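The values are calculated or read from the model by the stated rules, or taken from the named source; none is laboratory data. None of the values given here were measured: they were computed from a predicted structure. Because the Cβ atoms are built from the backbone with ideal geometry, glycine has one as well, and the counts that use them run over all protein chains shown.
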Amino acid sequence: MSHRLYILMIALSGILGIVFLGIYFGVGTAAGLASLPPSASAGQVLHLATQYHDLWLFGAWVQAIGSLLSVIFFLGLVQLSGAATRLSGMLTLLGSAVLLGVVLVEGVFTIDLAQAAADGHQATSVSSFDLMTVFAHIYPIVPAPLIFLSLGTILLGVSLLPRIFAYLALALGSLYVIVGLVGLFTTPILTLVPLGLQSIWILVAALVLASRSGKTA
């Protein structure tokens, strides 16, 4: 495999990761998950879990795949920057591992929520819903700021991407730190703001990386 093709594959991972995560949020809206507040009644949870059983299972799958592709993009940036053995690179790896762990555990509760409702285990289904809603708080507390603050530090020292991406990554990581704390005492919906900005950052960074693949190679 040529080095240019390798870079293009890393960029494609970032683009497809955003596409899959966009599908996930679309599925969440279609399945009524986005409209369910943490205080939803047991009847509301069981009704939607039964009605949209297959859609919720599909949502768990696309979220996991989208997150995996995004992590591949993050680690690809680390490797292309030659920072894999530096502290900032290892912290990006750690943040990515925590991110996948959080997403997969959330996926377990999503699948259990839908399956338990279908099997008639109503208490289990509601408990899984209660646990699943907590993960909106976890992502901005550790994995998100760790990844973007580390990536920003890495990109400051290399010419892989324009310098503005490094500054934006540092700003995004700092925003996650604030949202992670404030969201605990207000609402997890605040996480949607940096999540939207993160999606734009990844998508544009992947497109710029692809456009510069010949020069980088």
Qualifying position, being modelled with pLDDT under 90, under 25 Å from I189 (Cβ atoms) and over 19 Å from the mean Cα position of the chain (by Cα), among A40, A34: A40
Positions within segment 1-28 being in a helix (DSSP H, G or I), of a type in the set (G, A, S) and over 28 Å from T186 (Cβ atoms), in sequence order: A11, S13, G14, G17
Segment 165-176 residues that are assigned to a helix (DSSP H, G or I), paired with ones that are crowded, with 19+ Cβ neighbours inside 10 Å and of a type in the set (A, V, I, L, M) (beta carbon under 6 Å, 6 or more apart): F165/L155; F165/A205; A166/L155; A169/L151; G173/L149; Y176/A144
Scan of segment 29-45 for residues that are crowded, with 20+ Cβ neighbours inside 10 Å and in a helix (DSSP H, G or I), ordered by number: V45
Members of segment 81-91 that are touching a helix residue (DSSP H, G or I) at 6+ places or on another chain (Cβ under 7 Å) and closer than 14 Å to I7 by Cα: S81
Any hit, segment 87-98, residues being more than 17 Å from the chain's Cα centre (by Cα) and either in contact (Cβ under 8 Å) with a residue 40 or more places away in the chain or over 15 Å from L151 (Cβ atoms) (or both): yes
Among the candidates T186, T133, residue that is modelled with pLDDT under 90, under 18 Å from the mean Cα position of the chain (by Cα) and either among the β-branched types (V, I, T) or closer than 24 Å to V105 by Cβ (or both): T133
